[in-house]
Amino acid sequence: MQIALTGKRALVTGGAGGIGGAIAAALAAEGIAVAVADTRAPRQGRGVHFMGMDVRDRTSVLHGISAVEDVFGGPIDILVNAAGIYPCDPILEMTEESWDRVMDINVKGMFLVSQAVCRRLVEAQQPGCIVNITSGAAERARLGAAHYCTSKSAAEMLTRTFALEFAEHQIRVNAVAPGYVEVGSDINPVSETYKQAIIGGIPLGCAGQPDDVARTVLFLCSDAAKWITGGSYRVDGGSRAGTLALPLSRAN
């Protein structure tokens, strides 16, 4: 299969590491001009342009996108919304600030960046592609993750509504919903007990790697997926196919 993305311009939010970092590196390897937006200090490296952006703030978003367009010499063709946080807060301990922070980064940020990119593509009468990184948690509730699960469900619906509204402009919008992916994050850490429990429920028997998600994103950005929009694609080792927790239903 030919990816054929050379010459495109891409923006990856939350791309300083983890899944977002793998996606940025995979896009750059295909000859795409890639900008990574993150709250960490701007830096250069690996053929990727790094810049600071707070996806929760419209001014920061608009300034960042304008800067990317200046560097690349035109509108962004590909947007990957990978910025997100996954704190653990049982409901009775959850603060309003924690709820708002998750919603602001995981949902509002996705909306603001997508809206700004789509506005520029429509003005330029140029087709484009958006891929939102959601989660299996959009469909399966988890302890301590009421805000996170709700935010990812919202991100799935946001994907569909953007796909509908911008189809006439040939802007395709899809979601990739990873299962448990090992990223070694100091931003969204998980306990070893949680890790082993979740891996035990994965039919393929192992955690995913960031590159597993990146390859799916590459496909959705390519012409091989030119008739695909409004979809959500599971990259989860079979986690949502069913449960391994139940024994065979045979009588003894």
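The values are calculated or read from the model by the stated rules, or taken from the named source; none is laboratory data. As the structure is a computational prediction, the values presented were derived from the model and not from experiment. Glycine gets a Cβ as well: all are built from the backbone with ideal geometry, and neighbour counts include every protein chain shown.
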Selection status of Val68, in a helix (DSSP H, G or I), within 18 Å of the chain's Cα centre (by Cα), buried (at least 17 other Cβ atoms within 10 Å of the Cβ) and touching a residue at least 12 places away in the same chain (Cβ under 8 Å): no
His63 vs. criteria more than 18 Å from Asn174 (Cα to Cα), free of Cβ contacts under 8 Å to residues at least 24 places away in the same chain and either part of a strand (DSSP E or B) or touching a Cys at 6+ places or on another chain (Cβ under 8 Å) (or both): no
Is one or more of the residues making up segment 114-133 among the basic types (Lys, Arg), touching an Asp or Glu at 6+ places or on another chain (Cβ under 8 Å) and at pLDDT 95 or above? yes
Tell me whether segment 238-248 contains one or more residues that are surrounded by 16 or more Cβ atoms within 10 Å (Cβ to Cβ), among the charged types (D, E, K, R) and within 19 Å of Glu182 (Cα to Cα). no
Could you check segment 220-252 and list, in sequence order, the residues that are more than 14 Å from the chain's Cα centre (by Cα) and not in a loop (DSSP other than H, G, I, E, B)? Asp223, Ala224, Ala225, Ser239, Arg240, Ala241
Only one of these is outside any strand (DSSP E or B) and farther than 19 Å from Ser239 by Cβ: Ala155, Ala163. Name it. Ala163
Identify, please: which residue in segment 43-58 is assigned to a loop (DSSP other than H, G, I, E, B) and surrounded by fewer than 16 Cβ atoms within 10 Å (Cβ to Cβ) and is, among those, modelled with the highest pLDDT? Asp57
List the residue pairs whose Cβ atoms are under 8 Å apart, where the first residue sits in segment 173-184 and is in contact (Cβ under 8 Å) with a residue 24 or more places away in the chain, the second is among the basic types (Lys, Arg) and surrounded by 24 or more Cβ atoms within 10 Å (Cβ to Cβ), and the two are 6 or more positions apart or on different chains. Ala177/Lys152
In segment 58-87, anything among the charged types (D, E, K, R) and over 27 Å from Ser135 (Cα atoms) is listed as Glu69, Asp70
